[in-house]
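The block underneath contains the structure these notes are about, expressed in structure tokens.
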Amino acid sequence: MKRRELLRYGMLGAAATLGWACRQRTEAIPSAAGSAVRVHWRLATSWPPNFPVFEEGPRRLAERLEKMSGGRFTLEVDSAGKHKAPFGVFDMVRNGTYQMGHTAAYYWKGKEVVMSLFTTVPFGMNVLEQYAWFFYGGGMELMQEVFGKHGLLSFLAGNTGVQMGGWFRREIRSVQDFRGLKVRIPGLGGEVLARLGAEPIILPAGELYTALEKRVIDAVEWVSPAIDLMMGFQEIAEYYYLGWHEPAAELQYLVNKRSFEELPPEFQAMLVTAMHETALETTAEFFARNVEGLEALRTKYPHVKILRFPDEVVAALKQHTRQLLQEYAARDPLFRRVWESQQRFLERARRWTEISEQYYFTIR
Ligand code: CA
């Protein structure tokens, strides 16, 4: 299969790593078409049961696979409510307890910091720039290299778009206001806030409301109006800040590499195609739900103040982000390669963004 064909079928990520193996498998495994080959996989999510938008992706994936395969490739989706390990998805997929996960790469920062770069980077690329990097800037290949070391494959699973800066119980007027503040915020953004004196905390989605209500945390960043209102944060915190830390948070389908290699080639193609299709739908759904959520926020909860962080705070966040990324790059050659790849791509991409999207917003 040529590179162009792989791209068209959305299989570049897997094929970049598995190209040789896949070709071997194509010959080694008899075609499943018209045969009685049946596969049943299990997928673990990092989300509470029936979690809007997040869980709909893998549920749609299961429906697609069943239809595409004529019922021969089935997928069982287990939420964190069932398996009880929202942050154990990486290990459960790696050890084969589950063949797949639906989660976010930055939850695995404790395994390897470089993994967080495949979700989003503070002050980094926006959604379109990041998709262009993944498919045409070498991002997919780098992602498979990073996760492949752990016996895993990683695929895009839908993007939240720019996330909000979080819900705060009191107004942030200066950098000093972050001192001692307990904030639920994962990823590199959390580390940056720590440098301003805040205490970043990671909690599963199901525990956030109670933690904020009982003042276990003083502030919570979660996603954006699409999801946040359902969590009820507006009942407790009245300051809702604009974002900086997750300009394009991409969710993640994790796949056990050996299980993938053992699939008949047409099931591999169905899986990759359906993952990319549901990822695109999820990206669109986040945008649509944000539109609805913002409307609901403005009409039903007018007491909520939507604010920008002061310029002084944004400047400090930017400076600390840069320092943090440079430090990781100096310590970890793989982190350096991925980050430099993103930086090089962003520098060129932003010139186009500026004279296309950005300009357009000034004249409409
Ligand atoms: Ca978030």
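The values are calculated or read from the model by the stated rules, or taken from the named source; none is laboratory data. What you see is a predicted model; the values in this text were computed from it and never measured. In this analysis, Cβ positions are derived from the backbone assuming ideal geometry, glycine residues included, and neighbour counts consider all displayed protein chains. Calculation scope for accessible area: heavy atoms of the full protein, side chains included, ligands and nucleic acids excluded. Shrake-Rupley method; radii C 1.70, N 1.55, O 1.52, S 1.80 Å.
Once both labels are positioned 7 Å from their Cα atoms along Cα-to-Cβ, the gap between Glu141 and Val216 label points is 4.5 nm.
With everything on Cα atoms, drop me the angle between helix 127-136 and the longest principal axis of the chain, reported from 0 to 90° to the nearest 10. It works out to around 30 degrees.
The shape of segment 218-364 comes out oblate: with a ≥ b ≥ c from the C-alpha gyration tensor, a/c is at least 1.5 while a/b does not beat b/c.
Residue separation of Gln326 and Met230 scaled by 0.36 nm, minus their Cα-Cα distance, works out to 30.8 nm of gained length. Taking a ≥ b ≥ c as the square roots of the eigenvalues of the Cα gyration tensor, segment 273-353 is classed as oblate, since a/c reaches at least 1.5 and a/b does not exceed b/c. Given a Förster radius of 22 Å and the C-beta distance between Tyr301 and Asn50 as r, what FRET efficiency does 1/(1 + (r/R0)^6) yield to the nearest 0.05? Efficiency for this residue pair is about 0.40. Can you tell me the FRET efficiency between Lys67 and Ile202 if r is taken as the Cβ-Cβ distance and R0 is 41 Å, rounded to the nearest 0.05? E between Lys67 and Ile202, to the nearest 0.05, is 0.65. With a Förster radius of 51 Å applied to the beta-carbon distance between Asn95 and Lys182, the computed FRET efficiency rounds to 0.95.
Distance between the pseudo-spin-label points of Glu354 and Lys149 (7 Å out from Cα toward the beta carbon): 3.5 nm. Multiplying the residue separation of Phe287 and Phe361 by 0.36 nm and subtracting their alpha-carbon distance yields 24.9 nm.
Residues Glu235, Glu129, ordered by accessible area of protein heavy atoms at a 1.4 angstrom probe radius and largest first, appear as Glu235, Glu129. For the chain, the longest principal axis of the alpha carbon atoms and the long axis of helix 12-28 meet at an angle near 20°.
Stretching the chain fully between Glu171 and Leu280 yields a gain of 35.7 nm (0.36 nm per residue, less the alpha carbon separation). Any idea what the relative contact order of the chain is, in percent, if you count C-alpha pairs under 8 Å spaced at least 6 apart? Once divided by the residue count of the chain, the mean separation gives 24 percent. Put a plus charge on the Cβ of each Lys and Arg, a minus charge on the Cβ of each Asp and Glu, and nothing anywhere else: the dipole of segment 152-212 about its Cα centre is then about 180 debye.
Each Cα pair under 8 Å and six or more residues apart adds its sequence gap; the mean of these over the residue count of segment 133-287 is a relative contact order of 40 percent.
Rounded to the nearest 10 degrees, the inclination of helix 265-300 to the longest alpha-carbon principal axis of the chain is 20 degrees.
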